[in-house]
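Shown next, in structure tokens, is the structure this report addresses.
The values are calculated or read from the model by the stated rules, or taken from the named source; none is laboratory data. Keep in mind the model is a prediction, meaning the values are calculated, not measured. Ideal geometry is used to build each Cβ from the backbone, glycine not excepted, and the neighbour counts take in all protein chains shown. Remember, those area values only see protein heavy atoms, side chains included, never the ligands or the DNA or RNA. Shrake-Rupley method; radii C 1.70, N 1.55, O 1.52, S 1.80 Å.
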Amino acid sequence: MRIKKIELCNFGSYVGVCKFDLQANKKRNIVLIGGKNGAGKTTLFSGIKLCMYGNKAAGFENINAHYRREVKKYINDVSKFDISSKCYVKLEVLFSNGQEDDAYIITRSWDNGANSLDDFEECVVEKNGVILSSEELADFDNYVMNIIPPELFDLFFFDGEQIADYFLDENSNERIKNAFMILCGYDTFDIMQKNFKRLAFGKRTNDVCEFNYIEAKQQVEKTEKEYGDCVVAIYNIKSEIDFINGEIKSLDKKYKLSGGVTYDEWNEKLLQIKEEERFREDKNIQLKKMANEVVPFIIVKDLLKKLSVQLSKEHDKQQYELLQESLKSILPGVMQKVYSRLTWQDDVELTELVIEEFNNEMELKKLSEVIDIIDLSGEEYIVVQNAISRYLTLDKECVIATEREIKDSIERTQKLRQEIENCNIDGIQEYLQKKTQLVQKANELNQKMQEWIDRKQRYKDALEERKNILKREEKKFDEVSKNISITTLSEKSVAFLDTLQNRLYSNEIKKVEELFMMKIKELARKNRFIDSIIIDSDFNVHIYKNITFDTKSVCNKIKKIGVQAYLAEYGTVHCQGLLTSANVEDLNEFVKFYDKRNEKISVLQEIEKSRLSKGEKQVFIMALYWSFMKLNKQEVPFVIDTPFARIDTEHRANITKKFFMDLSGQVFIFSTNEEIVGEHYEKMKNRIQAQFLLENSDNLQTLVYANEYFGG
């Protein structure tokens, strides 16, 4: 299958009729379409896929309202308002019939104004100039679907930014298995198995083991389908939730940009204004109190100091006079006793003399010169001095600071009032109504998703149990089937096909693993991050790296956690490498072998794919993709969008030469001005069948320039 011409009319940003004339050439198989982001590359990518497969491309079994809604997104905005305008995508395709090429023209058009689903889409196919009838059209659709079934859409229509999800997301092993079977032609086995099951049940065999085996296998298949349906439902609901959350963010942003605020924000600002007013009221009361009680004393601070000195002097004088009176009343008696002992006569003069000496000694004579002005009692003196001390500690800065706080509060209030004036709550009711509806819908979807998650877990548990039952029944059936005669071959064919499939699978899987290792070495030659790959029977992909281990550390780890725990943590491949290094049968023997010596050994260690860098992950995916594509037996076109997604500069040259140019058949590459340019363009120049440049400078219309490219 090769595409000869592409024509778009009013599809996305392609206004009017836009043509891509390719002139299919087997020697030159690369079609290069360049354009900056937003130029229309992805729209063209979607147009090709939609034209070929219609509703199947969007994942729908038939034309329904969801499909119409998806397609309407691609109808050009300007043409939507013109009733006479058309929207279509046309492909001219060559299919080989074994001897020569048949030319087909596929035209799929959409009527935006159609009232019914039946009138919305029309598909017309011409074969060698003759329009196919409805029966022939159905046969043609089946023919195309057999060449590239829906399960392989994402493989042949390759989005560089999303292809990793195909191989790494949940249930990727099922997708890989389906792709593997279809590419190898082994999907026919499923049809054969169904027929054999029908024959087995039709014979109503009395063989209980056989019946139980078939019943157990059907139960597993049924549960696997139910589990897969849950995964799809959860994914779809999550996508809807993400879409609604995006709508809520957009609604909030739009409302904010229009000056809108919520009632809570509005009330919060009013409350802040009231708080500021209360704050200033308290500060004004405080300032008024300062003016009445504090400021006068700050003004007469020097006088207060003098007053304090005067009070101290008067207090000291009072103490002196009290002392003097005490001496006069006590000292004569004391001195009389002294006189009697000293036999002195003039006691009066001696008393005066003693008091005078006391005055001289204590320097209290000056106090007698102090003039009483205030004349406070001792208790009053203490009260007044305490008050003076308190007022002397006051400073004018506390008044200034209070006034500054009031001024700052006024400025904050003015700012809040200005914010309130700029706020808009006119559209709040409409905003709240829309947001409430979206939030309610999101909550309902979250609840619905949780129900599906719970259901998925139940199916997962049931699947595990039914797989165990199947293993037991299969073992019983195999034992009984050893002696079954030729006449019962149809009944045992189900089990036989399982064995045959496994053998055939193992051979083809071995090819994929070998092709992968060859390709990963070419693509990541300077950064060899994968040394081995194993695709197990369930089509889970395991990648390994040769790691050097210290045998003493390995032995200590095995001793610490036990053989079973070590096997569970590091896997059978790693453990088999350990056993091979020591030429022993189990890990206990390995520990004995290396227990008293320490060596360096290199064994495979599984790598968690989630721990790969984005670039390594993309190189890994492209090598795996290429390896699977080598199983394809038919010539089909590859359509690759964003070819260098997540690929660093170092690896791009290898990707260009060893990936794109190694794909067989027609290869469409949609590139930005930072991808297939310069040396990458020069490397594939001789293989380019046609090239086009897309421009969309005004973000309204894509212009197509044939035979042009970046820098040309």
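The distance between label points at Gln576 and Lys592 comes to 2.4 nm (points 7 Å beyond Cα on the Cα→Cβ vector). Beyond 28 Å between alpha-carbons counts as too far, so tell me which of Lys90/Lys254; Lys19/Lys519; Lys254/Lys415; Lys49/Lys434 fall in that bin. Distance filter (> 28 Å) returns Lys90/Lys254; Lys19/Lys519; Lys49/Lys434.
Going by average Cβ neighbours within 10 Å, how do the peptides 267-274, 576-583, 5-12 rank, with the highest at the top? Before the final figure, lay out each step's value.
Values: 267-274: 13.0, 576-583: 15.9, 5-12: 22.5.
Sorting 267-274, 576-583, 5-12 by mean packing, highest first, produces 5-12, 576-583, 267-274.
Show which aspartates and glutamates lie in cross-link reach of Lys289 when reach means a straight Cα distance below 17 angstrom and same-chain residues fewer than eight apart are skipped. Leaving aside aspartates and glutamates fewer than 8 places away in the same chain, those within reach of Lys289 are Glu281, Asp395, Glu397, Glu403, Glu405.
For Arg458, the solvent-accessible surface computed with a 1.4 Å probe is close to 140 Å², ligands and nucleic acids excluded. Counting 0.36 nm for each residue step from Ala706 to Ser389 and taking away their Cα separation leaves a gain of 104.4 nm. Straight-line cross-link reach from Lys552 at under 19 Å between alpha-carbon atoms covers these aspartates and glutamates, not counting any fewer than eight positions away in the same chain: Glu569, Glu585, Asp586, Glu589, Asp595, Glu599.
Taking the Cβ of Phe670 as the centre, find all other residues whose Cβ is under 11 Å away and add up their charges (Lys, Arg: +1; Asp, Glu: -1).
Numbers: positive: Lys41; negative: Asp159, Asp641, Glu675.
Its environment carries a net charge of -2.
Taking segment 35-74 and a reference point 7 angstrom along Cα→Cβ of Phe243, the backbone N atoms nearer than 20 Å belong to 43, 46-47, 50, 54-74.
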